[in-house]
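The next block holds one structure in the form of structure tokens; read it before the comments.
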Amino acid sequence: MHLTAEAVHSRARERLPEISLATVYNTLNELVSMGQVLEVPGAAGAKRYDANAHLTHQHLVCTRCGDLRDVFPGGEGTLVLSDENQHGFQITSVQIVFQGLCPDCRQAG
Ligand SMILES: [Zn+2]
Ligand SMILES: [Zn+2]
């Protein structure tokens, strides 16, 4: 499930009719900083929020319509940054975004 803040807002309003979009944004930002929710990069259009933070996965994004899927890449390789490439950062996570055209967009040409 990858919802835009607007989509989260319209769902939240079913239960809490008074809730503002700003409150939704603040709550999402808090959840992201606590690591409860992932902010998904690289999608066309609005940022998406992903409640699958507990499950290690990557994303497949359609560069035309922004369709977004969870994917679980295979293979033995792990990405490693040499000390030089870490620029002094402590690495806490890696996100990989596979980009391409979804079946609908491929058909549309
Ligand atoms: Zn598409
Ligand atoms: Zn996801």
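Listing for the model above:
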item: Angle between the chain longest axis and helix 21-33 axis [Cα atoms, degrees, rounded to 10]; result: 30 degrees
item: Radius of gyration and maximum dimension Dmax of the range 49-109, Cα, Å; result: 15.1, 45
item: Rel. contact order, % - alpha carbon contacts under 8 angstrom, at least six apart, the chain; result: 23 percent
item: Using alpha carbons only: equivalent-ellipsoid semi-axes of the chain, gyration tensor based, whole Å; result: 28, 22, 11
item: Over the chain: helical MRE at 222 nm, DSSP H runs n ≥ 4 each giving -39500 (n - 2.57), nearest 500; result: -8500 deg cm²/dmol
item: Degrees between helix 5-15 axis and first principal axis of the chain (Cα, 0 to 90, nearest 10); result: 40 degrees
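Since every read-out is calculated from the coordinates, none of them should be taken as a lab result. For clarity, every value in this text was computed on a predicted model and none was experimentally measured.
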